[in-house]
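S.K.: Got a structure for you, questions after.
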Amino acid sequence: MKFDLAGRRKIFSHGMTVLSGLAIVVIMVPLVAVVYEVFLLGAPVINGAFFTQQIPYPCTPEPGITCHQGGVLVPLEGSLVLIGLSSLLAVPIGIGAAIFAVEYGGERRSARLIGMVADVLSGVPSIVAGAFALSLFIIYDPTQAFSYLDASIALAVLMVPIVTRTCEEALRTVPHSVREAALALGISRWKMTVRITFVSALPGVITGILLAIARSAGEAAPLLLTLGQGCAHPLQGITAEGCALPLWIFYGATNPYQNWYNLAWGCALLLLGLILILSVLSRFTLDWMARRMRGE
Amino acid sequence: MALVNESAKMEVQDLNAFYGPSRAIQDINLQFADRKVTAIIGPSGCGKSTLIRCLNRLHETAPHAHAEGSVFLDGEDLYRMDPTAVRRRVGMVFQKPNPFATMSIYNNVSAPLRFNTRPSREKMDQAVLRALKQAALWDEVKDRVDAAATSLSGGQQQRLCIARALAGNPEVLLMDEPCSALDPIATSKIEELIAQLKAEYTVIIVTHNMQQAARVSDFTAFMYLGKLIEFGPTEDLFERPKEKLTESYITGRFG
Amino acid sequence: MTPGNPFPTSHPERIHRAPKVGDITFLILLLLATIAVVALMVALVVVLLYQSRLAITTLGFSYLTGRVWGPETNVYGILPALIGTLITSAIALLIAIPLGLGAAIFLTQHAPTWLRAPVGQLIELLAAIPSIIYGFWGLIVLVPLERTVVEPKLITYLGWTGLFNSTPIGLDILTASLVLSVMAIPTVTAVSRDSLAAVPRSQKEAAIAIGATDWEVTRRAVIPYARSGIIAGSVLGLGRALGETMAVLLVIGNRPIIPSSLLSSGTTIAALIANELTEAFQPLEAPALFEAGLILLSIALAINVGARLILSRLQAGQGAAAE
């Protein structure tokens, strides 16, 4: 009887192990399914024209009609503009706040406040960031309410907490002995911070920037509210309406035109590739930081 | 405690140093002779590292730390000067070698010049050469001054840190247990170096190793529980200690 | 020069004065950046409040209790979107917690060491895929599958529960919840995994020593110890689901009605804003949508702060235990 009970406990335990392993398998299903679908439907449109041509006239093939494939030059350029502009806004602010918190805040409450604010900001829904940027421009200048500039502000709101947090962590891993060595040489505080402490933490800071870009490059929701309708025209400057890869995926998904739909899958594949590259790079810079802090 | 027959380069007056509310050193009065080696000895936790860190105002950079009292350098109170200016005149070498890991050997040594005075390349080359020779490291690194500083052995790294401190052209060199992380061969190299350096620099060295203090120093100060117990020429202190505490420490009865 | 001095050059020009201007300029720049971060937080709330002031003063409480969202009749009630948000997030979490926790248990307790890092990275990748891609995939793959295969079966076999009595259209609460669960899983898994991995070996050994099986060790020793981390991970996952826009927008059907069943179309606050804000032509419509944004922000921030509090208390506790 007793033996039997122990046996049942064991079998139950094995059963739970199998179930927990099964959870991994179930989680992998959507990952595999999404990546498979994106490759299957995206790969056929990735060719020279895809990168160099304008968005085509909308068209669905019927007997006797062949559609022009076109390309996503404008969304691609737009995404690059957005990455550049939003980084330009978010990176200096994020790094500055992190340096202040770590190097000048000490253990004071102001230092912890920055970390807390960054944590809280990281929970802001992306659509709210979009609504915020939109209303800023409605108040400031409604004619520019739909522009790369406006969209970049929305994306920067999402990037600042990531840059701040990662940069803070990187600066905190720089040993105190490095700062003491610099101080003992009579190097002024700001030079020490910029050229020694910050340089030591640089791989970690780059990791933060890469992660922030990876996050913002795929965001579509804030763009829906702030970027307007600029997909059909060539790029006209940062205060004009614009387009971006994630936004084009939305248009392709919600319009009934076969060639737009095909391009949308191409954009999805391109975006997936970009984000994969960014996450591999960020892993590499993170290792670089760890190696540097081990003194290798 | 005053010096006999020597001119004082530095003078500590009524110095107290604190970490938060707790007092690490108490009412220290002490003089350091010009171009001589002064050793500060005492059991761990006696405040000797805190004292030396007050001599270049590094103590106050630690969280919640501050110091009260005066430290004179050539008659001028450090605590009335700009701390960066103080640290350019009073160099320091730390317990664990701390070269800048992101810089080459050359850039480590030239750091105080590049960051503080920006001399011409030629002058900088000369200064680096001189500092590396003074630190007795030149022969070992002359073929690879552009290699990473971290590629050096521990003893070499410590001499690199000495060269880096010297390149800034200080008048006083503070050494906070500079050999505690090194093997005996590296240690004896550094000790030889100290003997040569005093020709040009006032050297103040903290050590928990009494033999080392006896070997390298001209004057010795013994500290215990944050207080200066005894100070005098090294020979006198080790052979004819005036205080009971000093005697029991150097004879190894506590520590 | 001292005779016998081996170092001929002696102390050339010394710099006694340190430049202060650089230090001050630098500190000012840092302060500006810091102020910008804090100001951003404040501005988010203030700007949304300002934009929604008309809706708040005109509609008052009827906005929060209104069951109809009809810009064409100038009626604005947030309940349909709020209920849609809460239901989809709750179902997403019901799916994500067991799967995420199971995966975390497998990764920390059972998986061979060589498998842990790569699987962990795959789960991170799951979190990195943009939500618009999940939405697109959901619309093209999941919606037809739901409409033709899953939902008819649910109606046949589980229709008696009342949860599934509607026409199978695919664009509904259930599909949105499924997509959201995919997005919440990586958060739940990652935070749970970290807290399970932080359980000291001694805790497990104590259970092993009294003859517990693997599962009993996990159930009685490991999970209770990591409890607050698991809760924090779930709360953060909830935050992710509540604020998600694109994945929901494409599969929920976007009808601002209170859903009658899980197979009914609906909307969420985020989807409602995305769908209507740029075309809000009625006088009160934009303010009402900004107020919706304010509500969403408040919920998301409350959840985020809650989760961080749990996590920081957990870290403090571990710090105390380690000493």
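S.K.: If you check every pair at least six apart or on different chains, which have Cβ atoms under 7 Å apart with a residue in region A:19-31 that is within 7 Å of C:Phe106 (Cβ to Cβ) first and a residue that is among the aromatic types (Phe, Trp, Tyr) and assigned to a helix (DSSP H, G or I) second?
M.R.: A:Ser20/C:Phe106; A:Gly21/C:Phe106; A:Ala23/C:Phe106; A:Ile24/C:Phe106
S.K.: Just need a number here: residues in region A:237-258 that are open to solvent by 10 Å² or more (accessible area, probe 1.4 Å) and under 20 Å from A:Pro44 (Cβ atoms).
M.R.: 6
S.K.: Could you tell me whether C:Val217 is open to solvent by 40 Å² or more (accessible area, probe 1.4 Å), within 12 Å of chain A (Cβ to nearest Cβ), assigned to a helix (DSSP H, G or I) and under 30 Å from C:Asp194 (Cβ atoms)? Step through it out loud before you land on a result.
M.R.: Details: open to solvent by 40 Å² or more (accessible area, probe 1.4 Å): no; within 12 Å of chain A (Cβ to nearest Cβ): yes; assigned to a helix (DSSP H, G or I): yes; under 30 Å from C:Asp194 (Cβ atoms): yes.
No: the conditions fail for C:Val217.
S.K.: Among the residues of region A:99-120, which ones are touching a Leu at 6+ places or on another chain (Cβ under 7 Å) and either within 7 Å of chain C (Cβ to nearest Cβ) or at pLDDT 95 or above (or both)?
M.R.: A:Ile99, A:Phe100, A:Tyr104, A:Val120
Residue-wise test of (1) of a type outside the set (A, V, I, L, M, F, W, C); (2) more than 19 Å from the chain's Cα centre (by Cα).
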{"residue": "A:Ser86", "(1), (2)": "yes, no"}
{"residue": "A:Pro92", "(1), (2)": "yes, no"}
{"residue": "A:Ala101", "(1), (2)": "no, yes"}
{"residue": "A:Met116", "(1), (2)": "no, yes"}
{"residue": "A:Val124", "(1), (2)": "no, no"}
{"residue": "A:Ala133", "(1), (2)": "no, no"}
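S.K.: Follow-up. Of all the helices (runs of 4 or more DSSP H) wholly in region A:1-119, which have at least 3 residues that are among the aliphatic types (A, V, I, L, M)?
M.R.: By residue number, A:2-42, A:73-99.
S.K.: Looking at C:Ala212, is it assigned to a loop (DSSP other than H, G, I, E, B) and free of Cβ contacts under 8 Å to residues at least 40 places away in the same chain?
M.R.: Yes: the conditions hold for C:Ala212.
S.K.: Any residue at all in region C:189-203 that is within 12 Å of chain A (Cβ to nearest Cβ) and within 30 Å of C:Ile258 (Cβ to Cβ)? Before you say what the answer is, go through the steps one by one.
M.R.: In the first step, residues of region C:189-203 are kept if they are within 12 Å of chain A (Cβ to nearest Cβ); the result is C:189-190, C:192-193, C:196.
Then drop every residue that is not within 30 Å of C:Ile258 (Cβ to Cβ), which leaves none.
Looking through region C:189-203, none of the residues is within 12 Å of chain A (Cβ to nearest Cβ) and within 30 Å of C:Ile258 (Cβ to Cβ).
S.K.: What is the one condition in (1) within 14 Å of chain C (Cβ to nearest Cβ); (2) of a type in the set (D, E, K, R); (3) open to solvent by 40 Å² or more (accessible area, probe 1.4 Å) that A:Glu77 does not satisfy?
M.R.: So the condition that A:Glu77 fails would be (1).
So that you can scan it fast, the table gives a plain yes or no per residue for (1) open to solvent by less than 20 Å² (accessible area, probe 1.4 Å); (2) away from chain B (no Cβ under 14 Å); (3) touching a residue at least 40 places away in the same chain (Cβ under 8 Å); (4) not hydroxyl-bearing (Ser, Thr, Tyr):
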{"residue": "A:Val160", "(1), (2), (3), (4)": "yes, yes, yes, yes"}
{"residue": "A:Pro175", "(1), (2), (3), (4)": "no, no, yes, yes"}
{"residue": "A:Ile196", "(1), (2), (3), (4)": "yes, no, no, yes"}
{"residue": "A:Pro203", "(1), (2), (3), (4)": "yes, no, yes, yes"}
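S.K.: Just checking, how many residues over region C:110-124 are open to solvent by less than 40 Å² (accessible area, probe 1.4 Å) and at the interface with another protein chain (Cβ under 10 Å from one of its Cβ atoms)?
M.R.: 3
S.K.: Take region B:100-113 and flag every residue that is open to solvent by 40 Å² or more (accessible area, probe 1.4 Å) and at the interface with another protein chain (Cβ under 9 Å from one of its Cβ atoms). First the steps, then the outcome.
M.R.: Just the residues of region B:100-113 that are open to solvent by 40 Å² or more (accessible area, probe 1.4 Å), to begin with: B:101-102, B:107.
Those that are open to solvent by 40 Å² or more (accessible area, probe 1.4 Å) and at the interface with another protein chain (Cβ under 9 Å from one of its Cβ atoms): B:Ala101, B:Thr102.
S.K.: So, of the residues in region A:177-193 that are open to solvent by 10 Å² or more (accessible area, probe 1.4 Å) and facing chain B (nearest Cβ under 10 Å), which turns out to be farthest from A:Gly84 (Cα to Cα)? Full working, then the answer.
M.R.: Quick first cut of region A:177-193, residues open to solvent by 10 Å² or more (accessible area, probe 1.4 Å) only: A:177-180, A:183, A:185, A:189-191.
From what is left, the residues that are facing chain B (nearest Cβ under 10 Å) are A:177-180, A:183, A:185, A:189, A:191.
Values: A:Ser177: 36, A:Val178: 33, A:Arg179: 32, A:Glu180: 36, A:Leu183: 35, A:Leu185: 38, A:Arg189: 30, A:Lys191: 27 Å.
Looking at the filtered set, the residue picked out is A:Leu185.
S.K.: More than 30 Å from C:Val21 (Cβ to Cβ), more than 20 Å from the chain's Cα centre (by Cα) and within 11 Å of chain A (Cβ to nearest Cβ) - does that describe any residue in region B:82-96?
M.R.: There is no residue in region B:82-96 that is more than 30 Å from C:Val21 (Cβ to Cβ), more than 20 Å from the chain's Cα centre (by Cα) and within 11 Å of chain A (Cβ to nearest Cβ).
S.K.: Inspect all residues belonging to region B:62-70 and state whether any of them is more than 9 Å from chain A (Cβ to nearest Cβ) and within 18 Å of A:His176 (Cα to Cα). Let's see the steps before the verdict.
M.R.: Applying the first criterion (more than 9 Å from chain A (Cβ to nearest Cβ)) to region B:62-70 yields B:65-70.
Then drop every residue that is not within 18 Å of A:His176 (Cα to Cα), which leaves B:65-66.
Looking through region B:62-70, at least one residue is more than 9 Å from chain A (Cβ to nearest Cβ) and within 18 Å of A:His176 (Cα to Cα).
S.K.: Could I ask something else about it? Scanning region C:68-78 for residues that are out of contact with any strand residue (DSSP E or B) (no Cβ under 7 Å at 6 or more places or on another chain) and in a loop (DSSP other than H, G, I, E, B), which turns out least open to solvent (accessible area, probe 1.4 Å)?
M.R.: That would be C:Ile78.
S.K.: For residues that are surrounded by fewer than 17 Cβ atoms within 10 Å (Cβ to Cβ) and of a type in the set (Phe, Trp, Tyr), tally how many sit in region C:48-66.
M.R.: 2
S.K.: Oh, and also: How many residues are aliphatic (A, V, I, L, M) and open to solvent by less than 10 Å² (accessible area, probe 1.4 Å) when one looks only at region A:135-155?
M.R.: Within region A:135-155, residues that are aliphatic (A, V, I, L, M) and open to solvent by less than 10 Å² (accessible area, probe 1.4 Å) number 4.
S.K.: Output the residues belonging to region C:246-255 that are farther than 16 Å from C:Ser181 by Cβ and either facing another protein chain (nearest Cβ under 10 Å) or crowded, with 24+ Cβ neighbours inside 10 Å (or both).
M.R.: Hit for region C:246-255 is C:Leu249, nothing else.
S.K.: Shifting gears a bit: Go through region C:79-105 and count every residue that is touching a helix residue (DSSP H, G or I) at 6+ places or on another chain (Cβ under 6 Å) and buried (at least 21 other Cβ atoms within 10 Å of the Cβ).
M.R.: Within region C:79-105, residues that are touching a helix residue (DSSP H, G or I) at 6+ places or on another chain (Cβ under 6 Å) and buried (at least 21 other Cβ atoms within 10 Å of the Cβ) number 15.
S.K.: Can we say B:Val93 is touching a Pro at 6+ places or on another chain (Cβ under 6 Å) and more than 19 Å from B:Ala8 (Cβ to Cβ)?
M.R.: Working: touching a Pro at 6+ places or on another chain (Cβ under 6 Å): yes; more than 19 Å from B:Ala8 (Cβ to Cβ): yes.
It is true that B:Val93 is touching a Pro at 6+ places or on another chain (Cβ under 6 Å) and more than 19 Å from B:Ala8 (Cβ to Cβ).
S.K.: Tally the residues that are in a strand (DSSP E or B), surrounded by fewer than 21 Cβ atoms within 10 Å (Cβ to Cβ) and either at positive phi or of a type in the set (A, V, I, L, M, F, W, C) (or both), restricting the search to region B:4-23.
M.R.: Number of matching residues: 3.
S.K.: Here is a further query. Give A:Ala111, A:Ala131, A:Ala98 a once-over and let me know the one that is closer than 20 Å to C:Leu44 by Cα and not charged (D, E, K, R).
M.R.: Of the residues listed, the single one that is closer than 20 Å to C:Leu44 by Cα and not charged (D, E, K, R) is A:Ala131.
S.K.: Would you confirm whether or not region A:9-20 contains a residue that is crowded, with 18+ Cβ neighbours inside 10 Å, within 31 Å of the chain's Cα centre (by Cα) and aliphatic (A, V, I, L, M)?
M.R.: No, that holds for no residue.
S.K.: If you don't mind, another one. In region B:1-54, what residues are over 21 Å from B:Ala67 (Cα atoms) and among the aliphatic types (A, V, I, L, M)?
M.R.: Start the filter on region B:1-54 by keeping residues that are over 21 Å from B:Ala67 (Cα atoms), which leaves B:2-8, B:33-39, B:43.
Once the filter is applied, which keeps residues that are over 21 Å from B:Ala67 (Cα atoms) and among the aliphatic types (A, V, I, L, M), region B:1-54 yields B:Ala2, B:Leu3, B:Val4, B:Ala8, B:Ala33, B:Val37, B:Ala39.
S.K.: Filter region A:171-197 down to the residues that are touching a Ser or Thr at 6+ places or on another chain (Cβ under 7 Å) and in a helix (DSSP H, G or I) and list them by number.
M.R.: A:Leu171, A:Val178, A:Arg179, A:Leu183
S.K.: Also, I was wondering about something else. Of the residues in region B:108-119, how many are at pLDDT 90 or above and either touching a Leu at 6+ places or on another chain (Cβ under 8 Å) or assigned to a loop (DSSP other than H, G, I, E, B) (or both)?
M.R.: Going through region B:108-119 one residue at a time, the tally reaches 4.
S.K.: When C:Thr189 is evaluated against the numbered criteria (1) open to solvent by less than 10 Å² (accessible area, probe 1.4 Å); (2) more than 17 Å from the chain's Cα centre (by Cα), which criterion, by number, is the only one it fails?
M.R.: (2)
S.K.: In region B:108-129, which residues are without any contact (Cβ under 8 Å) to a residue 24 or more places away in the chain and of a type outside the set (A, V, I, L, M)?
M.R.: Selection gives B:Arg114, B:Phe115, B:Thr117, B:Arg118, B:Pro119, B:Ser120, B:Arg121, B:Glu122, B:Lys123, B:Asp125, B:Gln126.
The values are calculated or read from the model by the stated rules, or taken from the named source; none is laboratory data. Keep in mind that this is a model prediction, so the values were computed, not measured. Cβ: placed from backbone, ideal geometry, glycine included. Neighbour counts: every protein chain shown. Surface areas here come from the heavy atoms of the whole protein model, side chains and all, with no ligands, DNA or RNA. Shrake-Rupley method; radii C 1.70, N 1.55, O 1.52, S 1.80 Å.
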